[in-house]
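The values are calculated or read from the model by the stated rules, or taken from the named source; none is laboratory data. In this text the structure is predicted, and so the values were computed from the model without any measurement. Note: ideal-geometry Cβ built from the backbone for every residue, glycine included; neighbour counts use all protein chains shown. Only protein heavy atoms, including side chains, enter the accessible area calculation; ligands, DNA and RNA are left aside. Shrake-Rupley method; radii C 1.70, N 1.55, O 1.52, S 1.80 Å.
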Amino acid sequence: MTISFKDRVAIVTGAGGGLGKEYALELARRGAKVVVNDLGGSRDGTGTSDAAAQVVEEIEKAGGEAIANGASVTEYDQMEKMVADAKQKWGGVHVLINNAGVLRDKSFAKMSPDDFEFVVRVHLLGSAYATKAVWDTMRDQAYGRILMTSSSTGLFGNFGQANYGAAKLGLAGLTKTLHLEGAKYNIKVNSLSPVAGTRMTEDLFPEEAFKLFGPENVVPAALFLVSEDSPTNAIVGAGAGGFHSAWVMMNDAVWLKDDERTVEGFAENWDKISEKNNLHAPQSGAEQSGTILKAMQSVLGKDAAPSSTRG
């Protein structure tokens, strides 16, 4: 089986280096026409460069097609123009990889509100803006593949990255709603949690580990998640050749009767409420209500459910 992106148009944000560059190069090798978006700033979001143009040059030398784009993901009108330019040149947009990002790491006690807001703006709002800019096009053509870049910091936490973690878990939540809204239009949306040695992480890894976690090792997961036969609503981790899935899980609800429904009653039942047993991964928020009603019925019987929820 060969996964091809022939006749597909792909946008990769933050593609001037690191993971984004590797995604853009491999998409082009597999036949995609690629918009290489990069503002060109340093990892804290300041400064500019011609990084995107250099990636385009590399793609063209290898016989591929690409255009450079220096728009900022934090400006929605610039994202709209980026999509319009791609459509004018190539007729559509089929793949979007939201990869642009910055770091401003500090403990929460030392972090300024501006540093918190800026990181959330780039990662969360920037991905939402780019996605919104392509959404109608993907709906109209009844085809779209969108990848959000989440993080282990968002999924599991990491000291000194409250801003980054908040944004990255927000992207997993955005994925979960958009995969529902896009389903009838053949738009699939997934989240990737990469571990890679890039300029964003170069001072976090020892030298040998930095080499082991090369960004090229994340590419297989990323490109599969935006391919024609991709899953949807997946959260995938990737790094150094290792791949795994992650889920937002919940256990079975514990239903408390009226006389137990107090702070003390909750405290007395906390061990059962917090048990990691009978875990399942809901596919929509509505399943939380269903789990609670199921617990109520198990205590009071099937006739206990409100009539509007039966059948």
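What percentage of the solvent-accessible surface of the stretch 51-153, computed with a 1.4 Å probe over protein heavy atoms, is contributed by carbon and sulfur atoms? That share works out to 48 percent. Hull volume per residue, based on the alpha-carbon atoms of the stretch 1-107 and their convex hull, is 106 Å³. Could you calculate the FRET efficiency of Ser152 with Glu287 from 1/(1 + (r/R0)^6), where r is the beta carbon distance between them and R0 is 35 Å, rounded to 0.05? It comes to 0.90. Of the residues Val219, Gln297, Asn158, the one whose Cα sits farthest toward the positive end of the charge dipole of the chain, with +1 on the Cβ of Lys and Arg and -1 on the Cβ of Asp and Glu, is Gln297. Heavy-atom accessible surface of the chain, averaged per residue, reaches 51 Å², computed with a 1.4 Å probe.
Restricting things to alpha carbons, find the Rg to Rh ratio for the chain using the Kirkwood radius for Rh. The Rg/Rh ratio comes out at 1.04. In this label model, Glu216 and Lys272 are separated by 5.6 nm, measuring between points 7 Å along each Cα→Cβ vector. Does anyone have the angle between helix 18-29 and the longest principal axis of the chain? Alpha-carbon axes, 0 to 90°, nearest 10? Helix 18-29 sits at roughly 70 degrees to that axis.
Of the cross-linked pairs Lys188/Lys272; Lys87/Lys176; Lys106/Lys168; Lys61/Lys132; Lys132/Lys188; Lys33/Lys211, those separated by over 25 Å at the C-alpha level are Lys188/Lys272; Lys87/Lys176; Lys61/Lys132; Lys33/Lys211.
Tell me the mean residue ellipticity at 222 nm calculated for the chain from its helices only (DSSP H runs of n ≥ 4, each -39500 (n - 2.57), averaged over every residue, nearest 500). Counting only the DSSP helices, I get -12000 deg cm²/dmol. Mean sequence separation of contacting Cα pairs (under 8 Å, at least six apart), scaled by the length of the chain, corresponds to a relative contact order of 14 percent. In the chain, the longest principal axis of the Cα atoms and the axis of helix 162-182 are about 80 degrees apart.
Within the listed set Lys272, Lys81, Lys33, the Gaussian network model of the chain (springs between alpha-carbon atoms below 10 Å) gives the highest mean-square fluctuation for Lys272. Remark: the chain carries a charge dipole of roughly 680 debye about the Cα centre, counting +1 on each Lys and Arg Cβ and -1 on each Asp and Glu Cβ.
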